[in-house]
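Derivation of every value follows stated rules applied to the coordinates shown; laboratory data play no part. None of these values were measured; they are calculated from a predicted model. Counting neighbours? That spans all protein chains shown, and the Cβs are built from the backbone with ideal geometry, glycine included.
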Amino acid sequence: MDYKFYGWEQADAPLLADGYEGIRSPRDLYDALSGIWCEYTCAPRMRGEWSKENRTLGQCSITAFLAQDLFGGKVYGIPREGGNFHCYNVAGGCVFDLTSEQFGDEALNYEGNPEQFREAHFEKEEKRKRYEYLKDALKRKFWKGQADEA
């Protein structure tokens, strides 16, 4: 696959969560989410602009916290207009931003940004629900741990 997300070249953080068949690195997670991201998982304020051609639009925080579930590390936020943050991951010595493609050629600064916490982001019920939807959809497609537990 031709990757365009920030940090794809070094996105080799090891998977810390068990049970996700076929997902071993952030690149694998990007591949998996490419078939899951949709208008529903997009931030409501951006849904009118979402398209399959720009599938990462409005997906940053829920994707970054899902990546944190799988690879550990921390989530950071690049300050944006209106007091919002664009979220990305630092895990296993790698900096990667699975949703950076939404910004096209805009250069983002991945240094010196504040850490982001799911408790604060998920105070917004709609965001928590979109995260849960994304996580559940990923499990439905790639989770093999349930068969082992039965």
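When the chain is treated as a Gaussian network with alpha carbon springs shorter than 10 Å, the biggest mean-square fluctuation among D31, D97, D18 belongs to D18. When the GluC sites (Glu not before Pro) in region 58-150 are filtered for DSSP coil states and for at most 15 other beta-carbon atoms within 10 Å of their beta-carbon, the remaining sites are E106, E111, E123.
If R0 equals 35 Å, the separation of the Cβ atoms of E81 and D2 corresponds to a calculated FRET efficiency of about 0.70.
Which of the three applies to region 1-85, rounded, prolate or oblate, going by the alpha-carbon gyration tensor with a ≥ b ≥ c and a/c under 1.5 meaning rounded? Prolate. Less than 5 angstrom separates the built amide H of Q59 from those of A43, all sequence-distant by 5 or more or on a different chain. Only helices enter the 222 nm calculation for the chain: every DSSP H run of n ≥ 4 contributes -39,500 (n - 2.57), and dividing by all residues gives -9500 deg cm²/dmol, rounded to 500.
For the chain, a Gaussian network of Cα nodes joined below 10 Å ranks N84, N113, N54 by mean-square fluctuation, and the top entry is N84. Under 16 Å of direct C-alpha separation, and excluding same-chain neighbours fewer than eight residues apart, K127 reaches these lysines: K135.
The GluC sites (Glu not before Pro) of region 1-57 meeting both criteria, a DSSP state outside H, G, I, E and B (loop) and at most 10 other C-beta atoms within 10 angstrom of the site's C-beta, are E53. Checking every one of the chymotrypsin sites (Phe, Trp or Tyr not before Pro) in region 66-150 against DSSP loop status and a limit of 15 other Cβ atoms within 10 Å picks out F117. Model label sites at K129 and A107, defined 7 Å from Cα along the beta-carbon direction, differ in position by 4.1 nm. At a Förster distance of 25 Å, what's the computed FRET efficiency of K74 paired with Q10, Cβ-Cβ distance as r, to 0.05? For K74 and Q10, the calculated efficiency is 0.95. Distance from the alpha carbon centroid of region 24-79 to that of region 99-128 works out to 10 angstrom.
Neighbour counting of Cβ atoms within 10 Å sorts the residues S34, S61, S25, fewest neighbours leading, into S34, S25, S61.
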